[in-house]
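Visitor: Have a look at this one before I ask anything.
Derivation of every value follows stated rules applied to the coordinates shown; laboratory data play no part. Here the structure is a predicted model, which means the values were calculated and not measured. Every residue, glycine as well, gets a Cβ built from its backbone with ideal geometry; the counts of neighbours run over all protein chains shown.
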Amino acid sequence: MNKQLEKLISLHDLDVMIADLGRKDIIKREMEMGLQSDDALEELKKLREEYCGSINRKWRGLYNQLTRHYGNAVVPALMGRCAGCLTRLPTAVCSDPERNMKIHTCPTCGRIIYWAD
C-alpha cells in the first residue's frame, strides 16, 4: 500500500478517535468509571500532529478540505462503489491489482478512497 495513503487512513482514524473522546456521553461515562480522557486526548492530538508533519502537503491540504466539507475524507471502496457517496467507481480503477499503490479520489465527491481487500 502507498505510504501516504496509509498515513491518510491513520490520520482519519486518529480524527475519529479524537472526536469520540470529545463526545459528552463518552466523557460522562468515563467520569462515572473514574477514568481520565484528558490524557488520552492530548496523546492522540500529539500523535495527529506527528502524522500531519509526515504527510505530503498536497494530500494533507486535500484531506483538510474534504474533512471540513464532508466530515470523513478517507473512505473505503466497497463492491466497486465509493463508501462516501455510493457512486460506482470506474472499472479500470477497481480492477487494477495495484490500486492501493497510488492515491485515488472518487470522481464524484472527491474523497480519498482505498480498497481493504
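Visitor: If a residue must be under 18 Å from ASP117 (Cβ atoms) and either buried (at least 17 other Cβ atoms within 10 Å of the Cβ) or touching a helix residue (DSSP H, G or I) at 6+ places or on another chain (Cβ under 7 Å) (or both), how many such residues does region 84-93 contain?
Guide: Adding up the residues that qualify gives 2.
Visitor: Take the residues in region 61-83 that are in contact (Cβ under 8 Å) with a residue 24 or more places away in the chain and in contact with a Cys (Cβ under 8 Å, 6 or more places away or on another chain); name whichever of them is surrounded by the fewest Cβ atoms within 10 Å (Cβ to Cβ).
Guide: For region 61-83, the residue satisfying everything is TYR70.
Visitor: Let me ask you something else. Just checking, how many residues over region 36-45 are within 12 Å of ILE18 (Cβ to Cβ) and either exposed (fewer than 10 other Cβ atoms within 10 Å of the Cβ) or in contact with a Leu (Cβ under 7 Å, 6 or more places away or on another chain) (or both)?
Guide: Count: 4.
Visitor: Only residues that are among the hydrophobic types (A, V, I, L, M, F, W, C) and either over 15 Å from ILE18 (Cα atoms) or surrounded by fewer than 11 Cβ atoms within 10 Å (Cβ to Cβ) (or both): list them for region 48-60, please. Break it down into steps so the answer makes sense when it comes.
Guide: Looking only at region 48-60, we keep the residues that are among the hydrophobic types (A, V, I, L, M, F, W, C), and these are 52, 55, 59.
Listed by number, the residues that qualify are ILE55, TRP59.
Visitor: Would you tally the residues in region 107-117 being surrounded by 12 or more Cβ atoms within 10 Å (Cβ to Cβ) and of a type in the set (D, E, K, R)?
Guide: Number satisfying all stated conditions: 1.
Visitor: Considering only residues of region 96-106 that are without any contact (Cβ under 8 Å) to a residue 40 or more places away in the chain and surrounded by fewer than 14 Cβ atoms within 10 Å (Cβ to Cβ), which is farthest from the chain's Cα centre (by Cα)?
Guide: Here the answer is PRO97.
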